[in-house]
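Report on the structure given below.
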């Protein structure tokens, strides 16, 4: 397996598939998952002739289970270590959920200043901030995230099963058709990671104000969100992103869930491919 050392020595696992001279697409996964969550997209874009790269966030998947650094700055720095190690240029960065926050900070603070990024895609992403603040009164109450912490601390395995089989993919909706294999894969990825990284990550994805990151993302950026996202409500995320980004294209999918990149992969893959090639 391939690893790169982050600035603080943390070992970050990554995948790198496809022709080295092809345009790279870099995928940033959501909480509490791993780069495996992008398997469908990586295979699809590999078949389209791209070089596809994804890493496991520190404390997640196969990356080192360190105690510290579970915040957006370290997440972006670790992504930068991967892109520098592989010398990726003219890259498209795609982030889902917490990975959308990671991608936004990387693009704003590393990718654009270093001239490495061509475009970005935010999928059901957390910026500008999930929690309710004076600047963003439409956010969620702290009690929501305290509930996440309580559930994780009490019984992480059961909590992860409840999230995956319920709101994440919209499998709690009356007309849904739950896919047990998808739930099992979500649970598998989550349980591979560190409880400490997952616990600390709740603060990172909910309380990090990324207004400035979005404003600094001057590359063309595609914003995708489902209007039935029960995890990251689109009105306090995608709609605000589109207003803050200098060059945004917004698409809201009727009835789609937070986990649409998996259960509606064909739709999202086609839209992302069209954006990249536009």
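Taken together, the values in this text are just the output of simple stated rules run on the coordinates, not laboratory data. This one's a predicted model, so the numbers in the text were calculated from it and none came from an experiment.
Starting from 0.36 nm per residue, how many nanometres of slack lie between residue 162 and residue 20 once their C-alpha separation is accounted for?
Values: separation 142, 0.36 × 142 = 51.12 nm, distance 4.03 nm.
Full-extension gain reported as 47.1 nm.
Return the single residue from 192, 130, 260 with maximal mean-square fluctuation; model: Gaussian network over the chain, springs between Cα atoms under 10 Å.
192
With the chain treated as a Gaussian network of Cα nodes joined by springs under 10 Å, which of 193, 139, 115 yields the largest mean-square fluctuation?
It is 115.
Using DSSP, restrict attention to beta bridges with both residues in the chain and report what percent are antiparallel, rounded to the nearest 5. Don't skip to the end; give the middle numbers.
Values: 8 of 33 bridges.
Of all bridge pairs located within the chain, approximately 25 percent are antiparallel.
Can you tell which of 53, 92, 183 shows the greatest fluctuation in a Gaussian network model of the chain with Cα springs below 10 Å?
Judging by the Gaussian network model, the answer is 183.
Please report the orientation-averaged projected area of region 18-123, defined via the convex hull of its C-alpha atoms, in nm². Spell out each step's value before the answer.
Values: hull surface 23.7 nm².
Averaged projected area of region 18-123's Cα convex hull equals 5.9 nm².
Using only helices, what value at 222 nm comes out for the chain when you add -39,500 (n - 2.57) per DSSP H run of length 4 or more and divide by the total residues, to the nearest 500 deg cm²/dmol?
Values: 10 runs with 113 residues, N = 278.
Per the formula, -12500 deg cm²/dmol.
Please compute the contact order of the chain in relative form: average sequence separation of alpha-carbon pairs under 8 Å and at least six residues apart, divided by the residue count, as a percent.
Computed value for the chain: 21 percent relative contact order.
In vacuum, with every alpha carbon of region 117-258 counted as one equal point scatterer, what does the Debye formula give for log10 I(q)/I(0) at q = 0.10, 0.11, 0.19 Å⁻¹? Two decimals, please.
-0.37, -0.45, -1.22
Quick one, what does Rg over Rh come out to for region 100-140 if you take C-alpha atoms and the Kirkwood Rh? Before the final figure, lay out the partial values.
Details: Rg = 12.5 Å, Rh = 11.4 Å.
On the Cα set of region 100-140, Rg over Rh gives 1.10.
Averaging sequence separations of C-alpha pairs under 8 Å and six or more residues apart, then dividing by the length of region 135-278, give the relative contact order as a whole percent. Write out the running numbers ahead of the final one.
Details: 146 pairs, mean separation 35.6, N = 144.
It comes to 25 percent, rounded to a whole number.
What percentage of all Cα-Cα pairs in region 2-277 are separated by more than 27 Å?
On the way: 11777 of 37950 pairs.
Roughly 31 percent, rounded to a whole number.
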